[in-house]
Amino acid sequence: MVKFSKQFEGQLVPEWKDAFVDYWQLKKDIKRLQAAEAEAAGVAATTPLSQCQAPVAAAHWVMRLPFLHPHGHHHKEHGAIQVHRKLASGGGGGGGAVAGEVYETELVDGGAGFADGEAARAFFARLDEQLNKVNRFYERKEAEFVERGESLRRQLQILAELRAAVVAEQQRDGRRRRYGNGGDSSPPDTEDPSVSCSILHGDQSLRGTSEQEQEGQEKLTKDMIARSPDEGDDDQLTIPQELGDSGRLGRPREEAANTRPRTTLPGGRAVTCQGRSVRINIPVTTPTRTVTAIRELLFDDMLSQSRRSGSANGTKCSDKLSINKRKVHQAEKMIRGALIELYKGLGYLKTYRSLNMMAFVKILKKFDKVTAKEAQSIYLKVVESSYFNVSDKVIRLMDDVDELFVRHFAEGDKRKAMKYLKPNQREESHTTTFFIGLFTGGFAALFIGYCIMAHIAGMYTQQSNKVYMATSYPVLSMFSLFFLHLFLYGCNIFMWRKTRINYTFIFEFTPTKELKYRDVFLICTTSMTIVIGVMFAHLTLIVKGYSSCAVQAIPGALLLVFLLILVCPFNILYRSCRYHFLTVIRNIILTPFYKVVMVDFFMADQLCSQVPLLRSLEYLACYYITSSYKTQDYGYCTRVKHFRDLAYAVSFLPYYWRAMQCARRWFDEGDINHIVNLGKYVSAMLAAGTKVAYENDNSAGWLSLVVIVSSLATIYQLYWDFVKDWGLLQFNSKNPWLRNDLILKQKYIYFLSMGLNLILRLAWLQTVIHPNIGSLDSRVTLFILAALEVIRRGHWNFYRLENEHLNNAGKFRAVKVVPLPFHEVEEN
């Protein structure tokens, strides 16, 4: 049977761990009491009591019957303990739980009935502290979720009205087309007053509009994470006051009738409408939205100028505000995502309540067992009546979210709604483990056979077949580096899960579609078994003297097959994961135009460690596309200038992409640290450039420049690794030279990791030293150094996500905050 402490640790919300009951510290206090009770029992057994002493000693161990005093806010139960309930601020009468309560426990007779009264007082003081902490956290999170729920209810009301307005506009367009064609003699219907408005002149700046948008968002959602507003797709729409859902959100009709809000769009467009005025803000996260935002900004400027000229000529300018159906659809997706995240957060809070309640039950049961007291029944009455246990707002809000989602996004189908709100986790199969073992054995056997064949044929030495080493070996090295990196990612997933690092939330993966570590290991072992098997067969043909075009094309065909599998449109072989990978690569390539999220820059960092792979891929593409394999002219792609320049450009691309991501994040967030981080990648590009120049001109001047630039870039990178990415080297922390919060218990591991990262960061020295390992070909030496860089990156990944997880835990951020599309605009 699983111990409760293990069950408790396995089910708690990782980001809220510090807000849960500190069950382990309470167990330590219980052990201290147990040791005191055992010592007292030993003394009592060796020291007989006199007849006059026995009744007195026994009286201390008699549990007093609980008795509740009906005075004010005190639970005065005559027993081993008395629990007092006080209001932290203000006061109030009545029974039941009151928000802001503080509990204090007092031992009857000063703890004389306990073997160690001081230990008992310390235990209940800690227990009170934990109960007060749980109540405060639960109340705060509950208030945040309730406020978020009210905001989403308003958003849904606006969305419903916009849908109706879109339908009305489509009907009017249809009537206009019919009248234009002379199909009806009756006049067109009057315009729907719910969407009528006039466009007037305004001169508010874009900065002022952004500030107003940010203020409106803060009013709608108080738990939004502070960030700079996106200069995105903005549009103004009128929403009538009669939204017809319990009237919670609307202003009084009299106020609405007398109020005519006026706001300004980027470029100077102002919209004055009946009822309330809102702005649709779709974040600029894709190139299409970026181009659209720029186009609309320019159009608004021209429109504003025309309004000014029309006003100067005394012409009344009025136009109808068109409703963009595409924006309404995007707003619908944003609200749906926000509802899903809210439902997830409410589920976490429900788990928080049940686990903490169980923790109080278990620890009090242990206390009674150790001390032979009956404190559990007394204290549990207090816990059961405390705020976190009696409040039902979370349950009711979950039901409301469920109902709203079914009505607005599932067409009344509850089962369809549950696929989004409560997705079923994919179960791990033992079949996967079996095939991992099977393909691991196959890979080991084929790899040993390949090594023996290569040794017999004299491959991978300085006198080896140059055609094979220049054309076939890059294929094997490229696959080896890629799947080594993927294998290390599987190891990262295993360690993240073991240490309760919520990588799924950090990367914003879909829980039902993410790769588990067993899936990653299966992909690696299966793929490398196929690669080694094909390369073994190819090497056998080469050794036997076959050198036809078909034989030379085998490595290229193998690469082509894997690329086709990667883009295969059929729902096989982890299609959702393959397409997500391609989406991330697309986002990296088009970095300035896509909003950068965690998974994007994390993947770009991985590419910075795979420059040899990218150069091999560029060379192989050139070799097979130009049909050089037919003539075995392996030097063609290195002789032609534009191909050689392309190879150099490939070496810079990962650093350029990463630098552009830093620039985009600085533009979005305004954090100067992103500019400093950009400098790190610029220094890496400078170091790479000096190395390329040194390869072309082995002079002492270039050598000195390589050493200086590379040394400065390495120091820069090491500082960022240790201080920024890993959060270490904090001199004032309680863990010297580390940080306050550590997930790994063995502190020496962090120091060893920093030392290992330092050593592997010095791989650039091979450019200066030109090391050779025995008679091995220089390409093999470069492959070993490239593999060490991949290993360094896999090692770096764990600590990078550990630091990110601790940052989330420090802010108790367990669910994603989705920006809301509609922002109410107040009258200036």
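The values are calculated or read from the model by the stated rules, or taken from the named source; none is laboratory data. The shown structure was predicted, so the numbers you read here are calculated from the model rather than taken from an experiment. Reconstructed Cβ throughout: ideal geometry from the backbone, glycine too, with neighbour counts over all protein chains shown. Each accessible area value is taken on the protein alone, full model and side chains, heavy atoms only, with ligands, DNA and RNA left out. Shrake-Rupley method; radii C 1.70, N 1.55, O 1.52, S 1.80 Å.
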Yes/no for S628 being among the hydroxyl-bearing types (S, T, Y), farther than 30 Å from Y546 by Cβ and touching a Phe, Trp or Tyr at 6+ places or on another chain (Cβ under 9 Å): no
Residues located in the stretch 564-607, provided they are in contact with an Asp or Glu (Cβ under 8 Å, 6 or more places away or on another chain) and free of Cβ contacts under 8 Å to residues at least 60 places away in the same chain: Y574, V584, N587
Subset tally (residues that are touching a residue at least 24 places away in the same chain (Cβ under 8 Å), hydrophobic (A, V, I, L, M, F, W, C) and more than 30 Å from L801 (Cβ to Cβ)) for the stretch 450-496: 10
Residue check, K381 part of a helix (DSSP H, G or I) and either within 28 Å of L515 (Cα to Cα) or in contact with a helix residue (DSSP H, G or I) (Cβ under 6 Å, 6 or more places away or on another chain) (or both): no
Residue ID - nearest to K17 (Cα to Cα), chosen from residues in the stretch 781-797 that are hydrophobic (A, V, I, L, M, F, W, C) and surrounded by 20 or more Cβ atoms within 10 Å (Cβ to Cβ): W796
Residue match in the stretch 132-145 (condition: at pLDDT 90 or above, assigned to a helix (DSSP H, G or I), of a type in the set (S, T, N, Q) and surrounded by fewer than 20 Cβ atoms within 10 Å (Cβ to Cβ)): yes
In the stretch 533-556, residue farthest from Y460 (Cα to Cα) [restricted to those that are open to solvent by 50 Å² or more (accessible area, probe 1.4 Å), among the small types (G, A, S) and part of a helix (DSSP H, G or I)]: A550
Inter-residue pairs, beta-carbon under 6 Å, first closer than 20 Å to R85 by Cα and outside any loop (DSSP other than H, G, I, E, B) and in the stretch 101-118, second modelled with pLDDT under 70 and of a type in the set (A, V, I, L, M), 6+ apart: V102/A88
Residue under evaluation P569, criteria (1) open to solvent by 60 Å² or more (accessible area, probe 1.4 Å); (2) part of a helix (DSSP H, G or I), criterion not met: (2)
Conditions (1) crowded, with 17+ Cβ neighbours inside 10 Å; (2) at pLDDT below 75: number failed by D184: (1)
Matching residues, the stretch 387-415, being in a loop (DSSP other than H, G, I, E, B), open to solvent by less than 60 Å² (accessible area, probe 1.4 Å) and closer than 30 Å to N132 by Cβ: S391
Extreme residue, most open to solvent (accessible area, probe 1.4 Å), among residues of the stretch 462-505 that are charged (D, E, K, R) and under 24 Å from R426 (Cα atoms): K498
Which listed residue is open to solvent by 40 Å² or more (accessible area, probe 1.4 Å), out of contact with any Pro (no Cβ under 9 Å at 6 or more places or on another chain), under 27 Å from R353 (Cβ atoms) and at pLDDT 70 or above, from E150, E101: E150
Qualifying residue in the stretch 730-742 (condition: under 33 Å from the mean Cα position of the chain (by Cα), in a helix (DSSP H, G or I) and of a type outside the set (F, W, Y)): no
Positions within the stretch 326-369 being β-branched (V, I, T) and buried (at least 18 other Cβ atoms within 10 Å of the Cβ), in sequence order: V328, I335, I340, I363
Entirely in the stretch 594-674, the helices (runs of 4 or more DSSP H) that have 3 or more residues that are open to solvent by less than 50 Å² (accessible area, probe 1.4 Å) and within 24 Å of L686 (Cβ to Cβ): 598-608, 611-625, 641-669
Unique match (being modelled with pLDDT of 90 or more, in a helix (DSSP H, G or I) and more than 26 Å from M598 (Cβ to Cβ)) among S711, S683: S711
Failed item in (1) acidic (D, E); (2) part of a helix (DSSP H, G or I); (3) closer than 20 Å to G810 by Cβ, with D721 passing the rest: (3)
When residues of the stretch 3-24 are limited to those that are open to solvent by 10 Å² or more (accessible area, probe 1.4 Å) and among the aromatic types (F, W, Y), the one nearest to E804 (Cα to Cα): W24
